[in-house]
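The values are calculated or read from the model by the stated rules, or taken from the named source; none is laboratory data. What you are looking at is a predicted structure, and each value in this text was computed from that prediction instead of being measured. Positions of Cβ are backbone-derived with ideal geometry, glycine not excepted, and every protein chain shown enters the neighbour counts. Each accessible area value is taken on the protein alone, full model and side chains, heavy atoms only, with ligands, DNA and RNA left out. Shrake-Rupley method; radii C 1.70, N 1.55, O 1.52, S 1.80 Å.
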Amino acid sequence: MGSRPGSARSYSICFPADPAGRGTAIARVIVISGPSGSGKGTLIERLIASVPGLALSVSATTRPRRGGEEDGREYFFLSENEFRDWIAQDRFLEWAEYNGHLYGTPRAAVDRQLAAGLDVLLEIELEGAWQVHERRPEALMIFIEPPSFEELERRLRGRGTDSGEACDERLAKGREEMAAVEAEMAPGGRRRFHYVIVNDSVKRAADELACIILQAREEYEQADDR
Ligand code: ADP
Ligand code: 5GP
């Protein structure tokens, strides 16, 4: 099941979510993490179009807005002072610094969506994912990997949303994140992710993501009936 560091991986590792001990909630938090450029946004867009009952959490960030992004749609764009105020007011379920900018998940909106019976998707980097795992142990944890580091670089640079320097920083961070998850999933690792999906083909990976979520939902519903 292991692969050599840096080698191309063409399969996904799955540790099916165990509903035991997760309480009786049907609605839940789904963490989608993975290096920048691995395809999280692309897969989530497909997922939301194909699976009903999902809400995507809108994060807050101090990163400058990109062309085409709208406040309150892609992110809530905050100044650093505003972000620090939100931290002081305990308004984040999790937050982290990523390449010089702050990113966080507003807690109230997540709880509102859960109360409305929706499953809430959090598209977040690794530090934030660990915080959610700690604070919401029932959360379903999914990591999206590129088939290789070279392909990650091609996708990130090809996306054209970041400067050359920002891409370099994101790739360095991505390498760290992939190594950390590789260690997590190795024998003896903590295995905090339930699934690692390799995004080789959008269709295959999006289908796999949808199957995982539908299966987890079924397991939760069965646990709820017991
Ligand atoms: P992330 O949200 O993880 O940063 P994106 O969804 O923005 O990543 O994807 C990064 C780039 O890679 C985009 O240009 C996207 O169209 C492309 N991409 C995503 N998945 C694939 C894939 N399976 N094969 C080829 N290109 C992909
Ligand atoms: P981007 O600048 O490309 O929109 O996002 C950079 C990274 O921050 C991505 O890995 C993205 O998943 C992550 N991110 C986005 N929102 C949040 C958040 O609310 N919390 C955390 N911890 N990471 C986030």
Check your understanding: Out of (1) surrounded by 19 or more Cβ atoms within 10 Å (Cβ to Cβ); (2) farther than 17 Å from residue 40 by Cβ; (3) not basic (Lys, Arg), what's the single condition that is false for residue 150?
Key -> (1)
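Which residue, of 173, 203, is open to solvent by 60 Å² or more (accessible area, probe 1.4 Å) and either in contact with a strand residue (DSSP E or B) (Cβ under 6 Å, 6 or more places away or on another chain) or not in a strand (DSSP E or B) (or both)? Walk me through how you get there before you give the answer.
Numbers: 173 fails: open to solvent by 60 Å² or more (accessible area, probe 1.4 Å).
203 is the lone residue from the list that is open to solvent by 60 Å² or more (accessible area, probe 1.4 Å) and either in contact with a strand residue (DSSP E or B) (Cβ under 6 Å, 6 or more places away or on another chain) or not in a strand (DSSP E or B) (or both).
In the set 175, 190, which member is at pLDDT 95 or above, over 16 Å from residue 28 (Cα atoms) and touching a helix residue (DSSP H, G or I) at 6+ places or on another chain (Cβ under 9 Å)? I'd like the intermediate steps shown before the answer.
On the way: 190 fails: at pLDDT 95 or above.
Of 175, 190, the one residue that is at pLDDT 95 or above, over 16 Å from residue 28 (Cα atoms) and touching a helix residue (DSSP H, G or I) at 6+ places or on another chain (Cβ under 9 Å) is 175.
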Review point. Among the listed residues 111, 90, 71, which satisfies the condition of being within 29 Å of residue 162 (Cα to Cα), modelled with pLDDT of 95 or more and not hydroxyl-bearing (Ser, Thr, Tyr)?
Key: 71
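If you check residue 80 against the conditions, is it at pLDDT 50 or above, among the charged types (D, E, K, R) and open to solvent by 60 Å² or more (accessible area, probe 1.4 Å)?
Working: at pLDDT 50 or above: yes; among the charged types (D, E, K, R): yes; open to solvent by 60 Å² or more (accessible area, probe 1.4 Å): yes.
For residue 80, the condition - at pLDDT 50 or above, among the charged types (D, E, K, R) and open to solvent by 60 Å² or more (accessible area, probe 1.4 Å) - is met.
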**Study point:** Count of residues meeting criterion [touching a residue at least 24 places away in the same chain (Cβ under 8 Å) and not in a helix (DSSP H, G or I)] in the range 149-161
**Key:** 1
Review point. Looking at this structure, is residue 138 of a type in the set (Asp, Glu), in contact (Cβ under 8 Å) with a residue 12 or more places away in the chain and within 19 Å of residue 213 (Cβ to Cβ)?
Key: yes
Point to revise | Pick from the range 88-126, criterion within 9 Å of ligand 2 (Cβ to nearest atom) and among the charged types (D, E, K, R), ranking: least open to solvent (accessible area, probe 1.4 Å) | key: 94
